[in-house]
1. Regarding the range 67-76, can at least one residue be identified that is modelled with pLDDT of 95 or more, among the polar types (S, T, N, Q) and open to solvent by 70 Å² or more (accessible area, probe 1.4 Å)?
2. Being closer than 17 Å to I40 by Cβ, assigned to a loop (DSSP other than H, G, I, E, B) and out of contact with any Ser or Thr (no Cβ under 9 Å at 6 or more places or on another chain) is the filter here, so list the residues in the range 55-74 that pass it.
3. Read through the list (1) open to solvent by less than 70 Å² (accessible area, probe 1.4 Å); (2) more than 13 Å from Y109 (Cβ to Cβ); (3) at pLDDT below 90, then give the number of the only condition that R31 fails.
4. Can you spot a residue in the range 86-100 that is among the aliphatic types (A, V, I, L, M) and outside any strand (DSSP E or B)?
5. Among the residues of the range 320-331, count how many are open to solvent by less than 50 Å² (accessible area, probe 1.4 Å) and either without any contact (Cβ under 8 Å) to a residue 12 or more places away in the chain or part of a loop (DSSP other than H, G, I, E, B) (or both).
6. Before we move on, is E42 at negative phi and modelled with pLDDT of 95 or more?
7. Take the residues of the range 282-309 that are among the hydroxyl-bearing types (S, T, Y) and open to solvent by less than 70 Å² (accessible area, probe 1.4 Å): which is modelled with the lowest pLDDT?
Amino acid sequence: MKIKCSYCDSYINDTCENCPNCGAVNDHMQRAVSGTPKTIAELDAWYKARKLPSSEVTRFFIGVNYTGRRAFGIYEEQGEFIVYKNKDDGTRAIRYRGTDEAYAVNELYLKLKSEILNQKAANISSGRVPRKKESFGKRLKRRLTTIGVVFGSMLGLGAMAIYPIIGKIIISLIITLVLSVIVWAIMASTHEKKKDKEPSKKLGFLMLFVSIAIFAGVFAIAVNINRVRYYQYEDDIYCTYHGNYYLYDSYYGDYSYVEDAFIPAMLVSSPDLYYWEEGNSIWGTSDTITAFEDSGYYDEYIDVSSDSDSDYDWDSGSSWDSGGTDWGSDW
């Protein structure tokens, strides 16, 4: 992916350590999130902790310069870290070669996670996922829970398809009902212990007020949670997500992460002055930008990296078939 150099504004490959035009350090290189492996040893430990099959099965060779066909791998050679893919025809495509071990490890780490999810999906679609025996009671509870979740999801998705705010209202009402029942029970119990009588009308009004307050708070969180905000600063469009800034590349229709040191000071201190509504004209045209959640950057680095490690644990009864991997492409 092409990104803009923060110093000379020329477009360079995101895998370049330095800008070939001005020699500046590529500040977009550090894309590993906290908690992810940053060394080859840490990546190997993560691999083993997930109880994945051997490298000969998964075709991921960590710390090994494997020269055979069909392989992903990473190794160190004379101070450089090489991330590679050996294709079906025996040729090698180099994904990264440089001195940044954390970046190199993260490239293979993201590819490995993506492949694990693909293999799990293949097992589910083929019916190869092993099932453990369970009692009738647990089986009934699981099925009823599944039906409830499916029905609730369909209701929420249907409402959000009509108008997004309706889905958030439904979710907020459900959470409010649960929290209100808990609060009511505590309040009623405390009231009876103190006055030794049934709850009064005042307590009823207080409960109603508490419910409204809970709904307002939950609804406000539901509306704003994971919300992406866009800003136009001079000729650039930025967006914020979970406290991080991302710069939009109009040529490629994608985003790149912006280090704190390179975020415009005025944008940080007075963001409301540069707030940009989606759909507004930009750069003097009527063009609209790619939504952050629909971008390739989000799919590859945000959405995948936000999952829990336990999502990638491997079941020994599952089957890993590397034959379905695209071995003809460069990555």
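The values are calculated or read from the model by the stated rules, or taken from the named source; none is laboratory data. Bear in mind the structure is a predicted one, so any value in this text is a computation, not a measurement. Here the Cβ is made from the backbone with ideal geometry for all residues, glycine too, and neighbour counts use every protein chain on show. Protein only, heavy atoms only, side chains kept; ligands, DNA and RNA dropped before computing areas. Shrake-Rupley method; radii C 1.70, N 1.55, O 1.52, S 1.80 Å.
1. Scanning the range 67-76 turns up at least one residue that is modelled with pLDDT of 95 or more, among the polar types (S, T, N, Q) and open to solvent by 70 Å² or more (accessible area, probe 1.4 Å).
2. G63, N65
3. The number of the failed condition is (2).
4. Of the range 86-100, the ones among the aliphatic types (A, V, I, L, M) are 93-94.
In the following step, the residues that additionally are outside any strand (DSSP E or B) were identified as none.
No, there is no match, as no residue in the range 86-100 is among the aliphatic types (A, V, I, L, M) and outside any strand (DSSP E or B).
5. Filtering the range 320-331 for residues open to solvent by less than 50 Å² (accessible area, probe 1.4 Å) gives 320, 322-323, 325, 327, 329.
Filter once more, keeping what is either without any contact (Cβ under 8 Å) to a residue 12 or more places away in the chain or part of a loop (DSSP other than H, G, I, E, B) (or both): 320, 323, 325, 327, 329.
Of the residues in the range 320-331, 5 are open to solvent by less than 50 Å² (accessible area, probe 1.4 Å) and either without any contact (Cβ under 8 Å) to a residue 12 or more places away in the chain or part of a loop (DSSP other than H, G, I, E, B) (or both).
6. no
7. T285
Okay, residues lined up against (1) out of contact with any helix residue (DSSP H, G or I) (no Cβ under 7 Å at 6 or more places or on another chain); (2) open to solvent by less than 80 Å² (accessible area, probe 1.4 Å); (3) closer than 15 Å to K4 by Cβ; (4) in contact (Cβ under 8 Å) with a residue 24 or more places away in the chain:
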| site | (1), (2), (3), (4) |
| --- | --- |
| Y231 | no, yes, no, yes |
| I237 | yes, yes, yes, yes |
| Y241 | no, yes, no, yes |
| D249 | yes, yes, yes, yes |
| S256 | no, yes, yes, yes |
| F262 | yes, yes, yes, yes |
| M266 | yes, no, no, yes |
| P271 | yes, yes, no, yes |
| Y274 | no, yes, no, yes |
